[in-house]
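Working notes, beginning with the structure itself.
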Amino acid sequence: MKKIIINGGRQLRGDISVSGMKNAALPIIFACILTEDKCTLENVPDVTDVNLSLKILEDMGAVVIRTGGGTITVDTKKLAGQTSRQDLVSRLRASTYLLGAELGRFGEAKVGFSGGCDFGVRPIDQHIKGFEALGAKAGVESGLNHVVAGPGGLRGGSVYLDIASVGATINVMLAAVKAEGRTTIDNAAREPHIVDLANFLNMCGARITGAGTSFIKITGVEKLHGCSYTIIPDMIEAGTYMVAAAAAGGRVRVKGVIPKHMETVTAKLIEMGAGVDEGDDCLTVSRSSRLSSVNIKTFFYPGFPTDMHPQFAALLAMADGTSIITEGVFDNRFRYADELAKMNADINVAGRTATIIGKKELCGAPVTAVDLRAGAALIIAGLAASGMTEISRIETIERGYDDIVGKLSGIGADIRLIDDGL
Ligand code: UD1
């Protein structure tokens, strides 16, 4: 079994680079299905979720070439529809994007149920509502989600999302780019990865405007073509390293970021008493004295990202005073609290709220990464804690962090990956 071992208490110093955004790379990889052509993607992170997505496409007949340094080409000319492998699909949430992409290309999608982190129920009713607005019929058949375009193919329609869902916005965009006529998505998600997907699709010949606002307009085109595209930097990875620097102390320059995407994280770190200096494409985080408590409410972008609250919970567990984190997106995202408690954190969870009473210090312990960002929180806690932290189930962390152990070692952390062969 692979584990991460951390000897805590060392300050972090130096530069750390951010990889491409997992949550942008995933929809863009599935969007390649719509192009029926060769696409070159750059700055693709080397993480399990991305590699699984590429494997799903390869199994469907795509030709994927990894040229190294984060560049891949994906050629979907010879793709066969509705043949994705359920054992792979069930391992990641982003496989739901096969629904929109297959529907857009073949007029029909049959895809198994997706997986991903367990944050409580993660329905896809809004995705389905969007497909239906384009004239498709949807149902569940033999354990697969089955969506079929109406006679004559998909037609543009008006979609109002009850929730500004990232996944539903992406899936409707994928289905609509080649539908006949105009589609509008109201109450669309505004996350940077929605904009990145729209930019990629527009480079391939799509006609999408308004991405990044809550009203997206898509005028269907007959055909898309391949393109070369560079994925944006991962704001959650960047935020994780910013919080790690604040937790362990020292001075770290997080390079290759879009500072605008980091505003909520930067603001909270400054409110806690950390130093954050902004450059054109970097943020330098420093801490020389103890931090103080803050309250955090997560919400859809541009609100505070739900994917950053576990990391902040670890930091707040070592800050002076009492903090409250309120989760505004998912039903159950505090499963990591019991793990942080093993490291001496005082976190009391009630429904969607966690009350954190800061301790003078955390102590190392054997803990389990219950999901991706929970794993990142344990790494942050381990970097600052006294003694040794041993994190198991690190495959959850490898789903979304490109070489996190190597990158943190590079700025002075005593962290290593072991495989005890069990
Ligand atoms: C994506 C991200 C995830 C991030 C989340 C919120 C990927 C692969 N994952 O997940 O890292 O935490 O956005 O920023 O990009 N909902 C419904 N019905 C639907 C769809 C969603 O009720 O049809 C609810 C969900 O249960 C959840 C909320 O809406 O409570 C937000 O979900 P959504 O934005 O869709 O998140 P994901 O796309 O699953």
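Can you tell me which of V159, V121, V166, V140 is within 12 Å of the ligand (Cβ to nearest atom) and at pLDDT below 95?
On the way: V159 fails: at pLDDT below 95; V166 fails: at pLDDT below 95; V140 fails: within 12 Å of the ligand (Cβ to nearest atom).
After applying the criteria, what remains is V121.
The set of residues in the range 378-401 being assigned to a loop (DSSP other than H, G, I, E, B) and open to solvent by 30 Å² or more (accessible area, probe 1.4 Å) consists of G387, R393, R399. Taken over the range 287-313, the criterion of being surrounded by fewer than 18 Cβ atoms within 10 Å (Cβ to Cβ) and of a type outside the set (K, R) is satisfied by S288, S289, S292, S293, N295, F299, P302, G303. Considering the conditions (1) open to solvent by less than 10 Å² (accessible area, probe 1.4 Å); (2) more than 14 Å from the ligand (Cβ to nearest atom), L98 is excluded by exactly one of them, (2). Would you say D338 is open to solvent by 40 Å² or more (accessible area, probe 1.4 Å), modelled with pLDDT of 95 or more and out of contact with any Lys or Arg (no Cβ under 6 Å at 6 or more places or on another chain)? So D338 passes the test.
Checking L12, L26 one by one, the residue that is in contact with a helix residue (DSSP H, G or I) (Cβ under 6 Å, 6 or more places away or on another chain), aliphatic (A, V, I, L, M) and in the same structural domain as I379 (by TED's automatic domain parsing) is L12 and no other. The set of residues in the range 54-83 being surrounded by 22 or more Cβ atoms within 10 Å (Cβ to Cβ) and charged (D, E, K, R) is empty. When L88 is tested against (1) assigned to a helix (DSSP H, G or I); (2) surrounded by 19 or more Cβ atoms within 10 Å (Cβ to Cβ); (3) not charged (D, E, K, R), only condition (2) is not met. Within the range 236-283, the set of residues being closer than 24 Å to I415 by Cα, among the charged types (D, E, K, R) and open to solvent by 10 Å² or more (accessible area, probe 1.4 Å) comprises R251, R253, K255.
Flag set for V370, criterion: within 20 Å of the chain's Cα centre (by Cα), open to solvent by 10 Å² or more (accessible area, probe 1.4 Å) and of a type outside the set (D, E).
The values are calculated or read from the model by the stated rules, or taken from the named source; none is laboratory data. Predicted model, so just to flag it, every value in this text is computed and none were measured. No Cβ is skipped: glycine too gets one built from the backbone with ideal geometry, and neighbour counts run over all protein chains shown. Remember, those area values only see protein heavy atoms, side chains included, never the ligands or the DNA or RNA. Shrake-Rupley method; radii C 1.70, N 1.55, O 1.52, S 1.80 Å.
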